[in-house]
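Student: Quick one: the structure is below, and I'll ask about it shortly.
The values are calculated or read from the model by the stated rules, or taken from the named source; none is laboratory data. Since this is a predicted model, take the numbers as computed values, not measurements. Every residue, glycine among them, receives a Cβ derived from its backbone with ideal geometry; neighbour counts consider all protein chains shown. In case anyone asks, the SASA skips ligands and DNA or RNA and just uses the protein heavy atoms, side chains included. Shrake-Rupley method; radii C 1.70, N 1.55, O 1.52, S 1.80 Å.
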Amino acid sequence: RRLTGKSRVIRCKAAVAWEPNKPLMIEEIEVAPPQANEVRIKIVASSLCRSDLYFLLEGKNGSNFPMVLGHEAAGIVESVGPGVTEFKQGDKVIPIFLPQCRECRFCKSPKTNLPIVHYEGMPEPVSRLTCKGKKLTQFMRTSTFSEYTVVKQNAVAKIEPAAPLDKVCLLGCGISTGYGAAVNTAKVEPGSTCAVFGLGAVGLAAVMGCKAAGAKRIIAVDTNPDKFDKAKEFGATNFVNPKDHDKPISQVLSDMTNGGVDYSLECIGNVGVMRSALESCVKGWGVSVIVGFTNEHDLSARPIQLISGRTWTGSAFGGFKSKDGVQQMVKAYMDKKIKVDEFITHNLTLNEVNDAIELLKQGKR
């Protein structure tokens, strides 16, 4: 007999990473029905994030392959599993890589946005996706480079029906991460001076967050001068290219700001730049936030750099409680309080995912 609805296995297309550092393959996969407390989502739009490339090209854990990447998306609920009361078929949603159960000690604490079981980028082995008889790892527990995916209900945010899915998909990671790092984590104050290192999507969102918080001066730092016009559009007031200077970038910024910036945000994922961002902060009260992701190298700094009053901290998903934060950001976009459309540089199909990866590797996305 023909099975329908939530009891049916869906066969659909997905971009499968069979092994590290190789092109993704468009394959037909099977997406199992949602189990207890799970939601099956038809993915309408998915963005490409630098973190996807990190785990494809730089991550050392080959045991996670084959996998389906993607964690920045928006879609429509196709079916729900037993115990799901928050969602119904047809709801517009954004899957989130950082769960929020609203019940555990961590979710109830205003001091963190991390769930009680925080993971370092890679997911638990449970997966509802298979291809050619092999289980596919669900990257960040989401795997949005697929026409359908299954996600735990505590990692899905319901959004307003009028939201354009091909735009708000970016709020599932990059924009929220950068914007929140400035507003929630750094707590940028009106009239302050900020420096943002790296002008990808996360960095541009950090610039936007600094401006929204009332920063008077926002210095954009990047080795690609082509990015300054875009950074200016988001609120940057100055642009510094480290390649244009013989002295360290921290000294350049110190000279520009009479001793250092009030806030710096590292949005690349490079430990050397993280240290430069810290050293760019003014002694006494400077705050430097690590936003870019890497897990391959150790950080280093001289103790006096912290003893002298600087604060060095990190930010995951911009400090937003994930479900709540996504809903807040979607509303802010719909109310025209934040930019989203301006982040989009290319619109490609799933079949063109490897072209998108090349564009990102070349810094053209």
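Student: Would you check if Lys60 is at pLDDT below 95 and either in the same structural domain as Leu165 (by the TED database) or touching a Gly at 6+ places or on another chain (Cβ under 8 Å) (or both)?
Tutor: Against the criterion (at pLDDT below 95 and either in the same structural domain as Leu165 (by the TED database) or touching a Gly at 6+ places or on another chain (Cβ under 8 Å) (or both)), Lys60 does not qualify.
Student: Okay, next question. Right, Val291: modelled with pLDDT of 95 or more, over 18 Å from Gly200 (Cα atoms) and not hydroxyl-bearing (Ser, Thr, Tyr) or not?
Tutor: no
Student: Evaluate the following for Val252: is it open to solvent by less than 40 Å² (accessible area, probe 1.4 Å), modelled with pLDDT of 95 or more, of a type in the set (Val, Ile, Thr) and under 20 Å from Ala205 (Cα atoms)?
Tutor: It is false that Val252 is open to solvent by less than 40 Å² (accessible area, probe 1.4 Å), modelled with pLDDT of 95 or more, of a type in the set (Val, Ile, Thr) and under 20 Å from Ala205 (Cα atoms).
Residue-wise test of (1) without any contact (Cβ under 8 Å) to a residue 24 or more places away in the chain; (2) assigned by the TED database to the domain that holds Val93; (3) of a type in the set (Asp, Glu); (4) surrounded by 24 or more Cβ atoms within 10 Å (Cβ to Cβ).
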| site | (1), (2), (3), (4) |
| --- | --- |
| Ala195 | no, no, no, yes |
| Lys211 | no, no, no, no |
| Gly214 | no, no, no, no |
| Ile219 | no, no, no, yes |
| Thr223 | yes, no, no, no |
| Lys230 | no, no, no, no |
| Asn241 | yes, no, no, no |
| Thr257 | no, no, no, no |
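Student: Of all residues in the range 144-159 being of a type in the set (Gly, Ala, Ser) and at pLDDT 95 or above, which is nearest to Glu28 (Cα to Cα)?
Tutor: Top of the filtered list is Ser146.
Student: Mind checking which residues of the range 339-365 are closer than 28 Å to Val183 by Cα and in contact with a Phe, Trp or Tyr (Cβ under 7 Å, 6 or more places away or on another chain)?
Tutor: Those that are closer than 28 Å to Val183 by Cα and in contact with a Phe, Trp or Tyr (Cβ under 7 Å, 6 or more places away or on another chain): Lys339, Val340.
Student: For the range 266-294, which residues satisfy the criterion of being out of contact with any Ser or Thr (no Cβ under 9 Å at 6 or more places or on another chain) and crowded, with 24+ Cβ neighbours inside 10 Å?
Tutor: Across the range 266-294, the qualifying residue is only Gly292.
Student: What number of residues in the range 174-185 are open to solvent by 10 Å² or more (accessible area, probe 1.4 Å) and not β-branched (Val, Ile, Thr)?
Tutor: Residues that pass the stated criteria total 2.
Student: Give the residue, chosen from Thr313, Thr349, that is of a type outside the set (Lys, Arg) and at pLDDT 95 or above.
Tutor: Thr313
Student: A further question on this structure: If a residue counts only when it is over 15 Å from the mean Cα position of the chain (by Cα) and not assigned by the TED database to the domain that holds Lys243, which helices (runs of 4 or more DSSP H) contained entirely in the range 261-365 have at least 3 such residues?
Tutor: 322-334, 353-361
Student: For the structure I just gave you, tell me whether Met140 is within 21 Å of Val202 (Cβ to Cβ), modelled with pLDDT under 95 and surrounded by fewer than 24 Cβ atoms within 10 Å (Cβ to Cβ).
Tutor: Answer is no for this residue.
Student: All but one of (1) outside the structural domain of Leu129 (by the TED database); (2) in contact with a Gly (Cβ under 9 Å, 6 or more places away or on another chain); (3) surrounded by fewer than 24 Cβ atoms within 10 Å (Cβ to Cβ) hold for Leu165; state the number of the condition that does not hold.
Tutor: It fails just one condition, (1).
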